[in-house]
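Worksheet: the structure to be examined is printed underneath.
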Amino acid sequence: MQLPIDIEKRSDISLQDQIMTRVRELILHRKLVPGTKLPSSRDFSKQLDVSRNTVIYAYDRLVSEGYLEVKGRSGMFVSAQIPENALNISTCNVGANARAFSLTSKRLLPVRHRSPLLYQRLRERIELDFRIGRPAASSFPERLWTRLLVEKMAGSGRRMTEYGNPAGLEELRVAISDHLQAARGINAHPDQIIVVAGCEEGLNIIAKILTPAGSTVYVENPCYKGVPFVFESYGAKVVPIPIDSEGLCVDRLATRERGIVCVTPSHQFPIGVTMSLSRRLKLLDWVNSAGTYIVEDDYDSDFRYDGSPLTALAGLDKSGSVIYIGTFSKSIGAGLRVGYLVVPEELIGPTREAKALLNNGNPWLEQAVIAEFLASGGFRKHLRQIRQTYLKRRNTLLEQLRLRFGNIDILGEEGGMHLTWVLPKTFSNARAIQYECLHRGVGIYSIDDSPAIDFDNTHFRERAVFFGYPCLSEGEIVTAVGRLADAAADLG
């Protein structure tokens, strides 16, 4: 099938944008109806006499906007559900619509289209998904969790009908304190722990109390999207600092002004490197001299496979300079929406007040069950079991990648829940191979289509692909890497 479109190679508009516009117009004018199969990127590039990557990028962007969808190995199709506002645009009252948009736009905060979860759009219809940050569904301790739920519900009428402490259930804060001392070397009093509904709520609390408009926040580059997006929404100036094989390049802070530093030292997100001890100590020295704070996001430190984990920055901190963010999303399940902050003593009051302004505390039942899960030793047993499972899956992934592709550049395999393959220069770029894998029902992720952001177009943006391995069995991993090899061969 050929599409009735023309492009102008001498135009100031890029070829990719021209292709996107022409295909979008065919869809909006119903010349391509929902369910219509489009030509393959190879055939379409021959028709237009452009590079295949140009077509791949145009298709990829149309997928992200909801006009196209990938159906496994069957190919690319016009989406069954075209964005409703696009199809109805010709029937709108233009004058009234423009006025409504004008009024609405004046009321919106300047954070539109800055959701860290936009990357989820690509996961529809993916059969074998190396999604980042997702635990194995089979790893959830369903039987024990059910028993604990029943036990806590018995006689719980009073607890379920009262407002709780916004800082969190005391039993849970005590259990978290005990866990952190043993697992991460952090000696924190339960009063320093604030229970939050995940990383984003924790970041919002920190931003609210520590970043007046115009203040500076340093982030790793690349980093998790949620970090800069949250601080920008409070008017902070976000400054990216590069990373290398030892983590954040701390020397780049030497001559810079005072500012909060946000890091993922145990398993840098998204690249996966571990910050060296010397870098950790240098960073602590810098924030102490600058009189500011480090925000340590320790999102998946419960998983370490090779060697002993380094003590958390909060465990090395002797001067109250580190705000620690922990979560149960990776170790138990994201559906619980339970995480926690560990704050220096001087920030206990402001942090509790900021949390109370957001809500009257997290749901009591989930907190009570997690507290018992930790205190009873069930959590330690659970971690031992899933570490073994994830280790086997990581090893299978590494074996299959090396079997298919030889001596490859892998980062972040020592721990966490995902690893990074830095593609060789002889390969197509990360988005091209990601797109080819989508055609085969396999989800691997480049930076642009992950929960990460790259501010300075580092080589990682062009060459890095990410594999979250816990949610696929060993057999599924073998199949997925086989399809990946086929995709790479087709790209040449």
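The values are calculated or read from the model by the stated rules, or taken from the named source; none is laboratory data. Given the structure is predicted, the values throughout are model-derived calculations rather than measurements. With ideal geometry, Cβ positions are generated from the backbone for all residues, glycine too; neighbour counts draw on all protein chains shown.
Things worth noting here:
- Set side by side, the residues Leu336, Leu357 differ, and just one is modelled with pLDDT under 95 and touching a helix residue (DSSP H, G or I) at 6+ places or on another chain (Cβ under 7 Å), which is Leu336.
- Of all residues in the range 380-413 being surrounded by 15 or more Cβ atoms within 10 Å (Cβ to Cβ) and more than 24 Å from the chain's Cα centre (by Cα), the one that is farthest from Val273 (Cα to Cα): Arg404
- Of the candidates Ala175, Ala154, Ala137, Ala188, the single residue that is within 29 Å of the chain's Cα centre (by Cα), surrounded by fewer than 17 Cβ atoms within 10 Å (Cβ to Cβ) and of a type outside the set (Lys, Arg) is Ala137.
- His179 vs. criteria over 19 Å from Trp364 (Cβ atoms), assigned by TED's automatic domain parsing to the domain that holds Ile348 and at pLDDT below 95: yes
- Counting only helices (runs of 4 or more DSSP H) that sit wholly inside the range 161-268, those with at least 1 residues that are in contact with a Pro (Cβ under 8 Å, 6 or more places away or on another chain) and aromatic (Phe, Trp, Tyr) are 226-233.
- Selection status of Gln434, closer than 26 Å to Tyr299 by Cβ, over 19 Å from the mean Cα position of the chain (by Cα) and in the same structural domain as Leu128 (by TED's automatic domain parsing): no
Quick grid of which residues meet (1) out of contact with any Lys or Arg (no Cβ under 8 Å at 6 or more places or on another chain); (2) among the aliphatic types (A, V, I, L, M); (3) over 18 Å from Arg463 (Cβ atoms); (4) in contact (Cβ under 8 Å) with a residue 60 or more places away in the chain:
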{"site": "Leu383", "(1), (2), (3), (4)": "yes, yes, yes, yes"}
{"site": "Glu413", "(1), (2), (3), (4)": "no, no, no, yes"}
{"site": "Met417", "(1), (2), (3), (4)": "no, yes, yes, yes"}
{"site": "Leu423", "(1), (2), (3), (4)": "no, yes, no, no"}
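- Of all residues in the range 269-278, those satisfying the criterion of being in contact with a Leu (Cβ under 8 Å, 6 or more places away or on another chain), crowded, with 22+ Cβ neighbours inside 10 Å and either of a type outside the set (A, V, I, L, M) or in a helix (DSSP H, G or I) (or both) are Gly272, Thr274.
- The range 129-160: number of residues that are out of contact with any strand residue (DSSP E or B) (no Cβ under 6 Å at 6 or more places or on another chain) and either hydroxyl-bearing (Ser, Thr, Tyr) or not in a loop (DSSP other than H, G, I, E, B) (or both): 20
- Every test in (1) under 26 Å from Glu200 (Cα atoms); (2) in contact with a strand residue (DSSP E or B) (Cβ under 8 Å, 6 or more places away or on another chain); (3) buried (at least 21 other Cβ atoms within 10 Å of the Cβ) is passed by Gly361 save one, and that test is (3).
- Residues of the range 421-470 satisfying the condition of being crowded, with 22+ Cβ neighbours inside 10 Å and polar (S, T, N, Q): Gln434, Ser446, Ser450
- Residue match in the range 211-218 (condition: under 21 Å from Gln367 (Cβ atoms), at pLDDT 95 or above and hydroxyl-bearing (Ser, Thr, Tyr)): no
- Residue in the range 92-104 that is modelled with pLDDT of 50 or more, charged (D, E, K, R) and either loosely packed, with under 14 Cβ neighbours inside 10 Å or within 30 Å of Phe231 (Cα to Cα) (or both) present: no
- The residue list Ala314, Ala356 contains one member that is within 20 Å of Asn165 (Cα to Cα) and of a type in the set (A, V, I, L, M, F, W, C), which is Ala356.
- Every residue from the range 479-492 that is in contact with a helix residue (DSSP H, G or I) (Cβ under 7 Å, 6 or more places away or on another chain) and either under 17 Å from Ala137 (Cα atoms) or surrounded by fewer than 17 Cβ atoms within 10 Å (Cβ to Cβ) (or both): Ala485, Asp490
- Residues of the range 224-245 that turn out to be aromatic (Phe, Trp, Tyr) and over 19 Å from the mean Cα position of the chain (by Cα), as a count: 1
- Scanning the range 239-259 for residues that are without any contact (Cβ under 8 Å) to a residue 40 or more places away in the chain and surrounded by 18 or more Cβ atoms within 10 Å (Cβ to Cβ) yields a total of 7.
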